[in-house]
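To start, the structure under review is shown below, and the notes come after it.
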Amino acid sequence: MSCSRSPPSAASPGAKARGPPSAESGPGPEDRTPVRPSEEPTLTDTRLTWLPNLVHLDDLGPYPAQTSELTWKGFACPRFTLETARAIAADTQRAASQLDDPSSWQSVHVVGDRVEIRSAAQTPASASTVAKVLEADSDGLFHIGSNSWVWSELDDRNSSQTAEQLRQMRRTAYPVTGPERWCVTFADYGWRMVLLGVLPEIVHDWDDDLFADFYTAQYTEAISSYTLTADSAAEAYAAARRHFGAERAGIDPAATVMPLAFPFHEINSTA
């Protein structure tokens, strides 16, 4: 069990060999079709749309959280309540106690109303070293492991066909409807959305096998997608999150909800 380690880096040489997924380099459409729009996160940006979500670190979690449109090397940058921070602390400390050599492990500790990230002791007699002290943000939430841990949004939908179609389209110079038209594809859980990819919108031609297969995969797997006009993939995703948050604000997370948006549902990018 090694979920809450940072990805491999010079600062964590013993971390699990599971670094962030890297984009495959290639000419042509690869440069214009990011699967996950990513920017260097500015966690204090007031323009971020924070939505409720569930996240996990491999087999630790899932934990209730809020996520925004920003990612770190493709991984989520969640924030948590103090109560959830205590649950993460218990899990990461328990995982550290089960390691033969926890020297590269980081665990969470809640001290009063603050959260500490500590590097685990090399031996039982050594004192743990505090790597970072986290204060609550303006909303009273804690950004645990943002920009360093491999947090993933929980997605237990069977989206393998859709994911494969996204990969195929990413590598294909397929016909698009326009340079500023985007398709934001996501697993729709009613109260939360899990991004699968953002690509230029494909021409709606049922005679084209690529479009037909992409639509069928989404429909079969109950995957949703928004189509909209935006200046970039990142702006398209931000607009999709704003629309989703406004439309789904009243849905109970405990309710069983079928996807409310079907493939290629048109939305207003200025909403």
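Taking the fewest neighbouring Cβ atoms within 10 Å as the starting point, the ordered list for 251, 117, 88 is 251, 117, 88.
Ranked for footprinting exposure by Cβ neighbours inside 10 Å, fewest first, 130, 108 give 130, 108. Each peptide among 166-175, 225-234, 183-192, 204-213 gets the average number of other Cβ atoms lying within 10 Å of its residues, and from highest to lowest they stand as 183-192, 225-234, 166-175, 204-213.
What separates the Cα centres of the range 181-196 and the range 95-111 is a distance of 34 Å.
Put in order of Cβ neighbour count within 10 Å, fewest first, the listed residues 221, 247 become 247, 221. For the range 219-246, the residues whose amide N sits under 13 Å from a probe point set 7 Å from the Cα of residue 177 along the beta carbon direction are 225-230.
None of the figures in this text is laboratory data; all of them are computed from the coordinates on show. A quick note: this is a predicted structure, and the numbers were derived from the prediction, not measured. Counting neighbours? That spans all protein chains shown, and the Cβs are built from the backbone with ideal geometry, glycine included.
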